[in-house]
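Worksheet for the structure shown next.
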Amino acid sequence: ASLDRIAAVDGAVHAFLHVDAEGALAQAAAADERRAAGQPASALDGVPIAVKDVLATRGLPTTCGSKILEGWVPPYDATVVAKLREAGLPILGKTNMDEFAMGSSTEHSAYGPTHNPWDLTRIPGGSGGGSAAAVAAFEAPLALGTDTGGSIRQPGAVTGTVGTKPTYGGVSRYGLVAMANSLDQVGPVTRTVLDAALLHELIGGHDPLDSTSIAQPLPGIVDAARQGATGDMSGVRIGVITELGGDGWQAGVQDRFRESLDLLVKAGADVVEVSCPSFVHALATYYLVMPAEASSNLAKFDAMRYGLRVLPEGVASPSAEEVMKATRAAGFGDEVKRRIMIGTYALSSGYYDAYYGQAQKVRTLISRDFAAAFESVDVLVSPTAPTTAFPIGEKVDDPLAMYLNDLATIPANLAGVPGISVPSGLASEDGLPAGFQILAPALADDRCYRVGAALE
Ligand code: GLN
C-alpha cells in the first residue's frame, strides 16, 4: 500500500530520492512469514519505514542531498538502519533533504525541493522535509530523521507530524554522515506519539561504535506514552519559555500553542512561565559551532574517497589539489559553501577565541539556563517554529530569514536535551499545521512522550 501511495503522489510531493520497491517487498514477505509463524521480530515487524538520505544504507544510494555523493553506495549500514533490519521493518527508500542537512526548507537539496502535502506550493520544513512529507502524505507510516538544530521537529511542526530529537548520546550516530558531531541526533518521524515512542525505543540504546553513545538504559518511553495517553497530567509541572514567543511569532501559531497549554492545565498540569535569558543568543551560538564542525567534517569529500570526481578543464595532468578544487566547486551547493567559509573563518587562528571560543562559553550558559529551569519544572514548552510552512522560494535567497525559523529548536541541540514536536492544530490565518514543542532534561525523554501523548 505504501508503494502504491508513493507511485500515486510522490511525483507531486517528491519526498523520496530513491525508492527500493523490490527490497521492501522482499522484506515485507519475510515479515509476513514470521507473523504467520507467530514469531514477529519486534512490535514493528513488517511496518514499512522511510529513511533520511543522510544515514548509510548498505546497497542503497546515500547522497545527503548532495551532488558530491551522487552514485555513492555505502558498504555498511548505520547502526539505526541495522536495527530496523533486525526488527523486520521494510525500508521503502531514502528521503530528500537539504544538502548535508543544512537548511529549514529542503530547498537546498541538489535534487530539487520537496513539497508540503498540505499545500504543494509550500515548504515541508527542513532539513528532513522528505521524511516529514512522506509521513504526512501517507507514503510511509514511519520515517527516520536527524536533528542538528531542529531538522526533525520543525518539519514535524509544519507538516502536522510527530518528531523527536532524543537526548544527545541516546541514539547511535554511527553511520550518520556527520554535519555537526556535537549536535546531531537521529530520531523518529511519525503520525502518532505512541508510534514515535515505539520507534525511538527500537533505535535507541548504547552502541560501542559511537564514542558519544551513553552506556545507560533508555527510560521507559513507550510506557510513558501509554501513561500520557490516559490524559492524566496531575502533578506534572510545565514551564513556558518566556523568550520563545511574542512579537514576530505568527498569531495563529501562538493561539494554537495556548490552546494546547489549556488542555494540559485541564488535564491537571501546573503551568508557570520560566525565563531562559541566554536563549536569545542560541541562534548566533549555533551558527558558529555548527559551521565550525561542518567545515571540518566536509573536508573528507576530497574527490578521492567518495562519489563525484571532476577534472579541471584544460589541465593536461591536474594535481590532486586541482582535482579537489574542481570537484568541491562543482559538487557542493551555495549553502554548503557558505557554511564551510563561516566555519573555517571561525576556527582560524587569531579569530578562534573571539568566535568559536566565545560560542562555546555561551553554549555553557544555555545548558545552565536549562539546568536552572528544570529545578522547578519537569518539562519546558514553546511553539516548535515561529511560523507555519512558508511558500517555496520565499526565503531561499535570504539565509538569515531561513535561519530564524530554528529559533525555538536550537537550544535543545546546544544543551543535548531531548525534545518532541506534536501537532497543535491548524493556524487560523492559513489553515496550516502548527507544532507544540516539549523539552525535558537529558535522559528524561520519557517526559516528552508523557506530555506529548496527552495532547493527542
Ligand atoms: N535548519 C538548521 C540548519 O540549517 C538545522 C538543520 C538540522 O537540524 N540538520 O542548520
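Side notes on the structure shown:
- Filtered residues of segment 336-378 (kept if touching a residue at least 40 places away in the same chain (Cβ under 8 Å) and either aromatic (Phe, Trp, Tyr) or not in a helix (DSSP H, G or I) (or both)): Tyr355, Tyr356, Phe370, Phe374, Val377, Asp378
- Filtered by the rule that a residue be surrounded by fewer than 24 Cβ atoms within 10 Å (Cβ to Cβ), touching a helix residue (DSSP H, G or I) at 6+ places or on another chain (Cβ under 6 Å) and either acidic (Asp, Glu) or at positive phi (or both), segment 61-96 gives a lone residue, Gly88.
- A Cβ distance below 7 Å, combined with a sequence gap of six or more or placement on separate chains, defines the contacts here; from segment 231-242, residues that are surrounded by fewer than 20 Cβ atoms within 10 Å (Cβ to Cβ) reach residues that are part of a loop (DSSP other than H, G, I, E, B) in the pairs Gly231/Ala267; Asp232/Ala267; Asp232/Gly268; Ser234/Gly268; Arg237/Val377; Arg237/Asp378; Thr242/Ser275.
- Qualifying residue in segment 213-225 (condition: crowded, with 16+ Cβ neighbours inside 10 Å, in contact (Cβ under 8 Å) with a residue 40 or more places away in the chain and acidic (Asp, Glu)): no
- Pick from segment 349-363, criterion among the hydroxyl-bearing types (Ser, Thr, Tyr) and surrounded by 12 or more Cβ atoms within 10 Å (Cβ to Cβ), ranking: nearest to the chain's Cα centre (by Cα): Tyr356
- Filtering Ala82, Ala50, Ala41, Ala15 for residues that are hydrophobic (A, V, I, L, M, F, W, C) and out of contact with any Gly (no Cβ under 7 Å at 6 or more places or on another chain) leaves a single hit, Ala82.
- Number of residues in segment 432-453 that are out of contact with any Ser or Thr (no Cβ under 6 Å at 6 or more places or on another chain) and either within 16 Å of the ligand (Cβ to nearest atom) or without any contact (Cβ under 8 Å) to a residue 24 or more places away in the chain (or both): the value is 1.
- Hits in segment 396-412 - residues which are assigned to a loop (DSSP other than H, G, I, E, B) and away from the ligand (no atom under 11 Å from the Cβ): Val396, Asp397, Asp398, Ala408
- When residues of segment 132-163 are limited to those that are of a type in the set (Val, Ile, Thr) and within 13 Å of the ligand (Cβ to nearest atom), the one nearest to Leu84 (Cα to Cα): Thr146
- Sub-8 Å Cβ pairs linking a first residue in segment 379-398 that is among the aromatic types (Phe, Trp, Tyr) to a second residue that is part of a strand (DSSP E or B), at least 6 apart or interchain, are Phe390/Arg122, ordered by first then second residue.
A short reminder: the numbers here are calculations on the coordinates, not readings from a lab. Only a predicted model underlies this, so the values are computations on that prediction, with no experimental measurement involved. Positions of Cβ are generated from backbone atoms using ideal geometry, with glycine treated the same way; all protein chains shown enter the neighbour counts.
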